[in-house]
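Here the structure is laid out as structure tokens; the discussion comes afterwards.
Coordinate-derived values only; no laboratory data. Fair warning: this is a prediction, and the values are worked out from it, not measured in the lab. Cβ atoms come from the backbone with ideal geometry, glycine included; neighbour counts cover every protein chain shown.
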């Protein structure tokens, strides 16, 4: 499945709360923090290439810019929170250069307290100060119960984010691994290896998926498809139809 950068979730007003839904998110990342609170149930998720299982009484805390994805199987009682980066100033100041030792915090007491805040405050918050206070109460519990370690620079994580952001900005143009290698200053083979490690797809296949998604977004039924094909970056109608076929095969194999 393709990885993508969710720029719209990196804004200051991106708070979201979803209760007891079914989620199937492919690998993605954003500036905001994402939390999955599992009061009762189980789901599988992947964070920065590591496959994890979240069970009853646990919380998944997915930090800014971590590449993550969810499966479809969720439990009876859970809540997904997406916390805007603008809300994180006090939390980030308190933890300094610390990051959680594991994305999963296994503490039923903390989970119950967070669910109480969700039920009693977040679900009725009218925005502004009420919302900010409730969210920071949740972050305070993460800070209290989470085990932190000193952050270590990981060049591969930094590089995959650079690659994905670059693709997001340039996929409608003449984009290639060779050009990406030149612009980012890494060997082409190294970029290819890191890309496949995180995305599990070929570079051309991923770029074409971005083009197809964009075409579907801008196609209002009034424009000629041949015009749109070139506008989103395909060099011919044949390459467009080949990309559609390849995407269908890829989804059938997931």
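Numerical summary
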| item | result |
| --- | --- |
| Candidates 48, 107, 183: whichever shows maximal mean-square fluctuation once the chain is modelled as a Gaussian network with Cα springs under 10 Å | 183 |
| Cα long-axis angle, helix 155-170 against the chain (0 to 90 degrees, to the nearest 10) | 50 degrees |
| Relative contact order %, the range 65-161, counting alpha carbon pairs below 8 Å whose residues are six or more apart | 40 percent |
| Spherically averaged projected area in nm², based on the convex hull that wraps the Cα atoms of the range 155-252 | 6.5 nm² |
| Size of the range 28-120 as Cα extents on the principal axes (Å, biggest first) | 34, 33, 21 |
| Rounded FRET efficiency, nearest 0.05, which uses the C-beta distance separating residue 178 from residue 231 and R0 of 35 Å | 0.90 |
| Degrees, to the nearest 10: 237-252 long Cα axis against longest axis of the chain | 40 degrees |
| Choice from 118, 225, 62 showing the highest fluctuation, given a GNM over the chain with Cα pairs closer than 10 Å | 225 |
| More than 17 angstrom apart: percent of Cα pairs within the range 101-173 | 63 percent |
| Relative contact order [Cα under 8 Å, 6+ residues apart], the chain, whole percent | 18 percent |
| GNM top mover of 116, 226, 172 - the chain, alpha-carbon springs below 10 Å | 226 |
| Helix-only CD estimate at 222 nm, as mean residue ellipticity for the chain, using -39500 (n - 2.57) per DSSP H run (n ≥ 4) | -14000 deg cm²/dmol |
| Cα centroid separation - the range 37-111 against the range 229-247, whole Å | 37 Å |
| For the chain, alpha-carbon Rg relative to the globular expectation (2.2 N^0.38 Å, N residues) | 1.11 |
| The range 4-150: relative contact order in percent, alpha carbon pairs under 8 Å with at least 6 residues between | 26 percent |
| Hull-based mean projected area of the range 62-211, where the convex hull spans the alpha carbons, in square nanometres | 11.6 nm² |
| Considering only the chain, percent of DSSP beta bridges that pair antiparallel, nearest 5 | 95 percent |
